Every structure is written in structure tokens, then in C-alpha cells.
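K.L.:
Encoded as C-alpha cells, here's the structure I'll be asking about.
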Amino acid sequence: MRIALAVIAAALIGLPYLGLPAFYESFGYLLLSAIVLATSWNVLSGYSGYFSFGHGAFFGVGVYTTAALAGKLGWNFLWTLPLAALAATVLGVALGAIVFRVRSLRGELFALLTLAITFVLATIALNAVDGGPGIMVTVDMPKIAPTASGVIYLMMLAAAALTLWTAYAMYHSRFGTGLFAIHDDEDVAEVMGVPTYRFKLAAFAISCALAGLAGGIHAIFVSYVTVAETFSIALAVNVVLMSALGGTRHWLGPAVGAIAITVLLYAFTSGNAAVVGRALTGLILIVVIVAMPEGILGQILKRFRDRAPARAQVARPFGNVNNVNTSGEPLLVVRGVAKAFKGVQALASVDLEVRRGEILGLVGPNGSGKSTLINVVSGHHVADAGSILFEGEELVGRPAHRIARAGIARTYQIPRPFPQLTVLQNVALPPMFGQVVMDRARAEEEAWRWLAFTGLDAKAHRFPADLNLHERKFLELARALASRPKLLFLDEVLSGLTPAEMDDALRLIRAIRDQGATIVFVEHVMRAVMELTDRVAVLTYGKAIAEGVPAEVMRHPEVVSAYLGAAHV
Amino acid sequence: MYELASVAVNYGAAAAVSDVNLRIGAGELVVVVGPNGAGKSTLINAMAGLHAVASGRLVIDGEDITREPPHRFCDRGIAIVPEGRRLFVNLTVRENLELGSYRAGARMMRIESLRRVCALFPVLAERMDTPAGALSGGQQQMVAIGRALMARPRFLLLDEPSLGLSPMITEDVFRAIREINNEGVAVMLVEQNVAVALELARRAYVLDEGCIAAEGEPRQLMSQPQIQRAYLGT
Amino acid sequence: MPSATLLGQSVLSGIFIGSLYGLLGLGLSLSWGMLRQVNLAHFALAFLGGYLTFQLSGRLDPFVTLAVVAPLFFLAGMGLHWFLTRFSVSLLNTLLVTFGLTSIIEAGIQWYWTADFHRMENAYAAVRWKVGPLFVSLPDLLTLGFALVLSLGAWAVLRFTDLGKAIRATTEDAPIAAAFGVNEKLLGYLVSGLAAAVAAVAGLCLALNHTLAPVQIYAWMGVVFAAVMMGGLGRPIGPLVAGIVIGVSEALTMAVTNPTWAPLVSFSLLIALLLFRPARF
């Protein structure tokens, strides 16, 4: 593998020195430029799911920065390249800072805003910089290759190498995993500790920087820059097409698509053929979106994945845990918490105390507010009133990812795994963003441990869709445990399980407490609640009406009437 | 009569409801109770055409409606008050009610139906042009019931109407349900609030883990120890 | 500082161009808001309608052409809806698919009519009136007229008729609407067919008032989307009002400063709205 790469690299670098006609260098330049643009687009849009239709805008900013500085002001073009990248980045970050703040502004609006920005920038370029006829860019090339076009080719080769390396590094880092999680389920990602706003902004910045760099080099390549050619919509569409064709989930996908499309478009270069080329591009886009949602590379990889055996790793067993603290001191203190949604008071005024090292059952009729309470404590919703103290610190008002960092984890009633991450990746995510921030390798090690603990290690490389309900619930559990939380909320983890599976689950939960976690166990299956919990709290109509030892609480007259009706008290 | 014969419904890949046989006679008031996760909502949604039936038959007055498209169920005289109300929140109360009578058979009687709903729930009369989303929980429940009534159903299906409501409003709602039943509309009620459900019905089914665990007179059922244990664990 | 007459004429022309934005935005807003399909091909379709009107203008009166083209486009709209639902295309992907469709239509237009600019000769353009010191042409009025009639008509249908309420209900909660007898599939076809038919009308107005060129298809996208977003998705009168606001702002900008700053206006308004009223989105 390494040798093959070295040979390819040598061939690419050596191209300008082979004395071939200039056409090869130009074509090579176009291929590399397409690779840079598609890959840099994908780093934001493919990874995070925020489709940008304005990649052309940032490319154009780079073009015009270099054109203006080198062409009009006569600067050394090498200095203009980093500035081109910087200008594009600044623009991207400014736009992203505004747009990403709006919580409800998801996919399609972002796409259209970025589309609009292309036109805006074209206007500014036309008026302020260009003045109409275009800018001439003539520069002195350093003599590192026989021809000027050879030098430009080498520059773009360097840019391509940089871009691919960036995409690769991001893909394998916790940054990339966070972005993929945002793509799948941004809310859950935030609750698991991913700083979604910051990550989106960072990915956007990187994407723009690379596009700007490519733009700067392009200004030198074309040597005569006009608005119409630079800010065309074709670029914006083509990068989407290339990435979709190759596969947006993989760092190399866009490059594959870029090569395919460039070669294809090259076949239609002049006059009428160009028109056919555009129609064909449109048709391919439609077919790819509908028939090959994963792209070429994606489909190939999928075939390999299905055949590969599960590479089970022997997980190190847990050592004796000495820090089991059953001191009984309060860990979480909820006072007067209220939360209303459109006309329904879900939580009226909840007072609750969770003691360190215990398993507290949280029960109550449907609609009594149990899930809402979990959502409020974990930061999914903000409480209207009241205070929530965790280890003495106030949680109300903190962003969800910081609450996760503090050591609180939860499962979802209806499992919400990240559908396009493998089981292993799902479980490896919280340790990367939890209390102790781990890098990917250590996080995966940690994940293997929890997969073994929950019996899912054989399915580590499968996707959540391949699991049955029981396994998916355990996946939720493993994922919540992986961040070694101090406080764990289990939201109806037993519903839908057979009695045998339920016993499994109960055993697991006890083992978790023995590891040192405090557990709040929301459940309807009364048998489980009676068997498992140290104390029980009962919620009805958004208020806690009883808290204490299970046998006593469940005989409490108010509780009996809440469940069975007054006649049976 | 609305009859279910060996009906099984899946929720995703798992079986939520299996081999259910039940029936609602004309003008009857039947209650389905059961602990959470028993499959009550899935069952009632299937009866309203909101959820596909995996096997078995839904039969109304002798006609098999199991494979009919969802928008045809109301023509058969079925109307549902779904769990969580599911009003059209951006439409006004009046528009929600009018939509209830969208089907051709009910449209002609719209004005009279509106009058009846307002008589039943006077508090709505003053709020006809308010967006439904701005109402309180109890008022929304009234709109949801009113909307179903506008369809002039013969079988009214209610899924946990007391969910999220205070005890006082719950009483109002159940009083209205009793009145509706007295006027000849058959009612099937899925309820978790066993207390009130018991007072209403003469016949109850207990659903547990997707199957009918018991059928009979409500008070009798609830004093059975295994039913009590399913609810309370003691 | 320009004269009052110039400003007045600018405002007037801003209203007229704004009404065309609104007309283009109407179909788009309805299918986006009601059907969750972002139909970028709407613009290409409108231009196609304009080109067809232009092509037949020698032999047929443009309104007769419209009578033929609009029903055809209605069918095309239904066909697109069928395709998007048959393949369960997600909202974001409808953007991509319709962009592909745009490329195909645009290529087709360029193939047949070339990339040259075309201007339709028609008797209507010559009709002008003088209102005080200001000029108003018939095509302008026709555009405004169409925009008003169609937008208000759509609003009235949505607000007052059973069908309109059914459409609004389906947008919010399709399964429950179905439980009350609403055939959401049929409604989907109706809405997308009508949206495409409106594109045909927009095409007529384009042909009457503006020069046609394939590259122009993309020029309108940005500003019309801004009008749609500002007007609120699925609200028929929204794009018209927002369009006129944008149009007038652009026209005044053009009158007071350099004309080429105009495209900046709509985008700035949109950004401002995002900054200060994010709840709208």
C-alpha cells in the first residue's frame, strides 16, 4: 500500500519534468483543483450535514484577493495565497457565527443562504474591486519547473495534498466524529457533550480556507479574472455533485467523484457539447441522489463492510472498583423545578433528592412529567423556574454539552443511536467528549470495554439498524455508560423486553451501580422497580408526591389512588 | 358493531399487539386499561386506520375494513381523539372543528354539529377564532373531542384523554364523554387513569403486553391480585 | 439627490419588479411550505414558459399560449411530485434533485434557443399610460395584476375553503388529517400542479417585461428565495409583500447609488431578519 502511494506521489510530482505537452499540466491542474474544492466542501457539508451552496463564493473571494493584491497592487503572489485563504475564512466565520446561532435554522435554509451569498459577493467584486472589465494577473514564477503552467500545477498539487490530509485527519479525529454525530442527530450529540456550535463553525472555517487557497492559485492560472466566470453557480453545483457521486461520508469520496466528473465534463468541452454536458451533469445528479445515496465509494465500502468479519477485541476486564461511595450524601438536589409547554404544565414544582451511590426509582402515571424531568436536568430543555444542584453546582441555564461534561448521562426512552455511525463509534463518542476528554484511540478502547459489559462486542462494527430492540436498548445503555457518568438516568430501559431479557438488564444495572455510578431509574414495570431500587419517588401531575423505601411508598394512599383509583385505597 | 378478530399490530419490527379479539357494540361504552407499554395506543391507532394491521381483521357492521386506505376510515363512522390531542395548532378552534366534518357525510350537518359541540363545551364558544395552540391543555382536549364529534361518528375512539390534565378538568372531560355516549355514540376509551375509567364503563378489557389479559366488569377486574400487581408491583 | 419624479418612478418600478418576485415566489413557497419540497427547478420552468410564449408569439397571442402552457405545466408539476414521493426524496435532497432538473431544462433551453438574449416583440409593451409625471406600462400592470390575483386567490382558498384548510392541516399533521377524511396524496398532486401552473404565468410576465437568456435563470434565484424566506414559508401573500419590499429597496438603492449594488439589498435584509428575528425561522 505504502509503495503504491509513493509511486503515485512520485508520478504526480514528476509530471512537469517529463516534457509532455502543456495540456497534461493543465488537465492535471483542473483535476487537482476539483479535488481540492470537492474535498473542502465535504469537510463541512458532507461530514456535518449542513449543505453549503456557496462554496463558489469563498473560492471567488480567494480568486479576487489574489487578483487584487497581485494583479492590481503588484504584491508577490506567494504572500497573497495565505491572505486569500484568510479572507475566505473570515467571511465564512462571520456568516456562520450568525447563522449557526439560530437553533431552528437547519439544512435547507443554510443551503439557500449560502447560495445567496454567491450573488452578493459577485456584486461587491464587480463594484468595489473589479470595476467591470476584469483584472489582469501577471506574476513572476519561481523557476522550480520548466514551464509556468508546471509551477502552477505543482502549487495546486501541494494544495490538494494539504486538503486531502486535512480531510483524512478530521475523519479520524474526535472532531470528525463529532461532526458525523451532528449530521445524524444534533440534539443528541449536544447532550453527549459535543460542542456543536464551535465544531460547525470550525469546520466551516476550514472549508472556506481551503476554497480560498484554491481560488488564489486559480487567479494565477487563469491570469485574467472576471466576475462572471468566477462567481458562476456551476461551481457550487459541481462540488455538491462530485461529493455526492463519490460519497460524502468518506474523506476520499469527493476526490473520487471529482476525478469522475472532471473527466466526464472534459469529454464535452465546446459549443453544443458543453450544453449536453450540463444536461448530463444534471441527470447524473438526479440519478445519484435517488439510486446511490452513499455514492460510488460509499457503495463499494458498504460491500466490503458487509463481508468483513467482526473484529472482536479482547476487552480488559474491569478491575476492582474501590471508589464505590454509598455515603448517602445528596448528589443531585432538585428544588421547585417547573416547566410548561404550550398550555401544558409538564412539571409543576418538583422537589427531589438523589443520594450518592443509590438506585432511585422514578415512577408515576403516563404524562406525570418523568421524561420531562430528565430532559430538563440533562439540559435538553431549560427549566422555567427552580434550581438543580449537582454536586453543589447550579445546572439550570447551562448548555447541554457542559452538563454532560459535569458527569450526567441519560438514555432515551425510544433509543436514539446515531444511525450512520457503527455501534462501536456510537459508544466511543461520549468518552471523547465527556468529563475526561479522550482521544479517539483511547475512547475506542473504553468503548470496547462497555460493549463487552453489555454483550454487544460481537456487533461492534454493525450499524444500529441491524440491531433488535433489546440490543438497541443495550446500545443506549453502553453509550450512556461510556462516559463514566456520576449520575445516570435510565428512561424506561425495560419497556418492550421479554422477561428473560429483563432479568439480564436488571443484572446489568446492578453491576453498573457496583461500579460507582448513581442511577435514577424511570420505569413502569413495577416488579423491576420493587426488586432493584433502594428508594422510590413518585411523580403525578408534575409534582413529586412521595419519596422513600419502595414497599412503603407503593402502599402510600395517595400513590395507590394515583394509580388504581380511590376505590382501592 | 365494531369487531376485532385476531388482530396483530407491529411497532417497527416487534409485535406490539398480538391476537386481540374485542368488540364494541352499538351505543356501548367500553374501556381498555392496562399498564404502560401494554400496546393500548397502538391498538386504538390501528382501529382508527392510523396504523397498519399486520394480521387479523377489523370488521364494522359485517364489512371488513382492514385494508382500506386511512382516509376512508372516517366514512365508516369511526372518529378518533388521539393521544396527546394532536390538534392542528396553527389553525383556529373553528377551523379544527370544521376539519372534523371534512368528510362528505358530515359536511352537510356542520352547522348543527358545531352547535352541539358548543353546547357540550361552552368554554369553546368564546374561543372559536383563537389558534388551537394557544389554548390550555384541558381546552385543547375539548377541541379534540369536538373535532371528532364533528365527523358524526358511530364509534368514538379516545386515547388517554386525561393525559396531562388536572383532576378537575379530567372530571369535566369524562362527564362530556358520558353525555356523548348517552346520545347513542359508541365509545371506546383507552385509559391509564383507572379510577375514572371504572366509573364510566360497564365493560372493560385489560391489555397486558399486547394481549387481552382479562375482560369483564371493571370493578371485578381491578380487584384481581395479578392485575393489581401489574400496576403496582405489590 | 435624485428628483422626486425619479424617486417616484423608482418606487413604482420597484413595486412592479417586486410583484414579479412575488409571483415567482408563490409557487415555490407553497410547495416548500406545504409539501416540504424545495423546487429549484421552478425558475427554469418559469423561463421555459417564457421562452415558449416568446416562440409562439409570432402566431399566437401570449395569453392563448398561456392557456395551453399552464395545463401542461400543471401535469409536469404533478409528475415531479410523483417522482419525489416515489423515491422518498428527503427535503434537502429535493434541493439537489431539482437543481439537477434545472440544469437539464436550462441545457434544453440553450440547445433550442441558444445563449443569446431574446426579447419578445409584443403589442402590449407599447401600451403605456402617464399617471401624473410617472409612466406605467401595460406589461407592468399585468404582472402586478397576476401577482395580486394569484396571491390573494391562494390566500383566500387556504383561509376560507375546506380544501384550503385541508391543505393546511395536512402540512401540520398528515396522518390525523387523513383520519378525518383528507386524501393527502391527492392534495399533494394538486398543490404541486398548481405551483407549476403559476410558474407558467410567471413565465408569461417574464417574457412580456424582460429579456430572456438561459443564464438569467440563476439570477433570480437568490432574490426570490430571499423573498420566500422573509415572507414565511407556505404563506401565499408573504412572497408578494416581501418581494415588493425588496423591489422597492433595490430600486431606491439604484436611484440613489450605483445600480450594481442592488443585489446586496435583498441579502442584507435577509441577514438583518436572521439577526433580529430568528424566531421566524
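Laboratory data are not the source of any read-out in this text; all were calculated from the coordinates shown. Computed from a predicted model, the values in this text were never measured in an experiment. Here the Cβ is made from the backbone with ideal geometry for all residues, glycine too, and neighbour counts use every protein chain on show.
K.L.:
Could you give me the radius of gyration and the Dmax of the stretch C:172-238, taking only the C-alpha atoms into account and expressing both in angstrom?
P.N.:
In order Rg, Dmax, the Cα atoms of the stretch C:172-238 give 16.2, 49 Å.
K.L.:
Also, I was wondering about something else. Measure out, as a whole number of angstrom, how far apart the alpha-carbon centroids of the stretch C:68-118 and the stretch A:358-405 sit.
P.N.:
Result: 49 Å between the Cα centres.
K.L.:
Sticking with this structure for a sec: Report, by chain and number, residues whose modeled amide H sits under 5 Å from the one on residue A:75, excluding near sequence neighbours (fewer than 5 apart, same chain).
P.N.:
Hits under the 5 Å cutoff: A:70.
K.L.:
Same structure, new question: If each of residue A:27 and residue B:68 carries a label point 7 Å out from its Cα toward its Cβ, how far apart are those two points in nm?
P.N.:
For the pair residue A:27/residue B:68, the computed spacing is 6.6 nm.
K.L.:
Right, another one. What angle, in degrees between 0 and 90 and rounded to the nearest 10, separates the Cα long axis of helix B:110-120 from the longest principal axis of the Cα atoms of chain B?
P.N.:
70
K.L.:
So how do A:2, B:202 line up by other beta-carbon neighbours within 10 Å, fewest first?
P.N.:
Lowest to highest Cβ neighbour count: A:2, B:202.
K.L.:
Compute the FRET efficiency between residue A:173 and residue C:6 as 1/(1 + (r/R0)^6), taking r as their Cβ-Cβ distance and R0 = 45 Å, and round to the nearest 0.05. Working shown, then result.
P.N.:
On the way: r = 59 Å, r/R0 = 1.31.
The computed FRET efficiency comes out at 0.15.
K.L.:
Let me ask something additional. Counting each DSSP H run of 4 or more residues in chain C as -39500 (n - 2.57), what helix-only mean residue ellipticity at 222 nm follows after dividing by all residues, to the nearest 500 deg cm²/dmol? Can you show the working numbers first?
P.N.:
On the way: 11 runs with 213 residues, N = 281.
That calculation yields -26000 deg cm²/dmol at 222 nm.
K.L.:
Once you list every other residue whose beta carbon is under 13 Å from the beta carbon of residue A:443, what net charge do they have if Lys and Arg are +1 and Asp and Glu are -1? Please list the in-between numbers first.
P.N.:
Values: positive: A:174, A:440, A:442, A:449, A:479, A:484; negative: A:439, A:444, A:445, A:446.
My count for the surroundings of residue A:443 gives +2.
K.L.:
Roughly what would the spin-label model give for residue C:173 and residue A:128, points 7 Å off Cα along C-beta, in nm?
P.N.:
Going by the 7 Å Cα→Cβ label model, 5.0 nm.
K.L.:
Run the numbers for residue A:75 and residue A:13: contour at 0.36 nm per residue of separation, minus the present Cα-Cα distance, in nm.
P.N.:
So the chain would gain 19.6 nm between residue A:75 and residue A:13.
K.L.:
Another one. Could you run the Karplus curve 6.51 cos²θ - 1.76 cosθ + 1.60 with θ = phi - 60° over the stretch B:191-201 and give me ³J(HN,Hα) per residue in whole Hz, x for Gly and Pro?
P.N.:
Once θ is set to phi - 60°, the couplings for the stretch B:191-201 become 9, 9, 6, 4, 3, 5, 4, 4, 6, 7, 9 Hz.
K.L.:
Mind checking the alpha-carbon convex hull of the protein assembly as shown and giving the volume per residue in Å³? Walk me through the numbers on the way to the answer.
P.N.:
Numbers: hull volume 206.8 nm³, N = 1084.
In the protein assembly as shown, the Cα convex hull volume per residue is 191 Å³.
K.L.:
May I pose another question? Skipping prolines and chain starts, which residues have an amide H placed within reach, meaning under 5 Å, of the one on residue B:213, given they are 5 or more residues away or on another chain?
P.N.:
Under 5 Å from the amide H of residue B:213 lie the amide H atoms of B:206, B:207, B:208, each far enough along the sequence or on another chain.
K.L.:
How big is D for chain A, in µm² s⁻¹ as a whole number, if Stokes-Einstein is applied with the Kirkwood radius of its Cα pairs at 10 °C and 1.306 mPa s?
P.N.:
Taking Rh from Cα pairs, D becomes 60 µm²/s.
K.L.:
I'd like the mean, over residues of A:274-283, of how many other protein chain beta carbons sit within 10 Å of each residue's own Cβ.
P.N.:
Whole-number average of other-chain Cβ neighbours for A:274-283 is 6.
K.L.:
With θ taken as phi - 60° and the coefficients 6.51, -1.76 and 1.60, list the Karplus ³J(HN,Hα) couplings across the stretch C:192-202 in order, rounded to whole Hz; mark glycine and proline as x.
P.N.:
5, x, 5, 4, 5, 5, 4, 4, 4, 4, 4
K.L.:
Follow-up question, since we're still on this one. Tally Lys and Arg at +1 and Asp and Glu at -1 over the other residues with C-beta under 15 Å from the C-beta of residue A:79: what net charge comes out? Kindly include the intermediate steps, with their values, before the conclusion.
P.N.:
Working: positive: A:72; negative: A:140.
Result for the local shell: 0.
K.L.:
Taking θ = phi - 60°, what integer Hz values does the Karplus form 6.51 cos²θ - 1.76 cosθ + 1.60 yield along the stretch B:175-187, in sequence order, with x for Gly and Pro?
P.N.:
4, 4, 5, 4, 4, 4, 5, 5, 7, x, 7, 6, 10
K.L.:
Let me ask something additional. Computed from the mean reciprocal separation of all distinct C-alpha pairs, what Kirkwood hydrodynamic radius does the stretch A:330-568 have, in Å?
P.N.:
Its Kirkwood hydrodynamic radius stands at 18.2 Å.
K.L.:
Another question, if that's okay. Looking at the stretch C:85-127 from every direction and averaging, what is the projected area of its Cα convex hull in nm²?
P.N.:
On the way: hull surface 21.8 nm².
Hull-based average projected area comes out at 5.5 nm².
K.L.:
Say R0 is 51 Å: what FRET efficiency, to the nearest 0.05, do residue B:215 and residue A:437 get from their beta-carbon distance?
P.N.:
0.35
K.L.:
Fewest to most neighbouring Cβ within 10 Å: what's the order for C:69, A:344?
P.N.:
A:344, C:69
K.L.:
Using Cβ counts within 10 Å as a stand-in for footprinting exposure, how do A:331, A:467 rank, fewest first? The partial results should precede the final answer.
P.N.:
Details: A:331 24, A:467 18.
In order of increasing Cβ crowding within 10 Å: A:467, A:331.
K.L.:
If eta is 1.567 mPa s and T is 4 °C, what Stokes-Einstein diffusion coefficient results for the stretch A:23-235, Kirkwood Rh from Cα pairs, in µm²/s?
P.N.:
Rounded to a whole number, D works out at 74 µm²/s.
K.L.:
Report the FRET efficiency, 1/(1 + (r/R0)^6), for residue A:382 and residue C:59, where r is their Cβ-Cβ distance and R0 is 51 Å, rounded to 0.05.
P.N.:
0.15
K.L.:
Determine which lysines satisfy two conditions relative to residue A:302: a Cα distance under 28 Å, and not lying fewer than 8 residues away in the same chain.
P.N.:
Within the straight-line cut-off, residue A:302 pairs with A:200, A:459, A:473.
K.L.:
If you fit an axis through the alpha-carbon atoms of helix A:148-172 and take the longest principal axis of the Cα set of chain A, what angle between them do you get, 0 to 90°, nearest 10?
P.N.:
Tilt of helix A:148-172: around 10 degrees.
K.L.:
Would you work out the charge dipole size for the protein assembly as shown about its Cα centre, treating the Cβ of every Lys and Arg as +1 and the Cβ of every Asp and Glu as -1, and quote it to the nearest 20 debye?
P.N.:
Values: 82 positive and 76 negative charges, 189 e Å.
Magnitude of the dipole: close to 900 debye.
K.L.:
Here's something else I'd like to know. Bin width 10 Å, alpha-carbon pairs only: give the P(r) of the stretch C:118-251 as whole percents, running from 0 to the bin holding the largest distance.
P.N.:
Using 10 Å bins, I get a P(r) of 10, 33, 32, 17, 6, 1 for the stretch C:118-251.
K.L.:
Angle, helix A:295-307 long axis vs. longest principal axis of chain A, Cα atoms, 0 to 90°, nearest 10?
P.N.:
The angle comes out at about 50 degrees.
K.L.:
Quick check for you: which residues of the stretch C:227-243 have the amide N under 17 Å from the point 7 Å beyond the Cα of residue B:90 toward its beta carbon?
P.N.:
C:227-242
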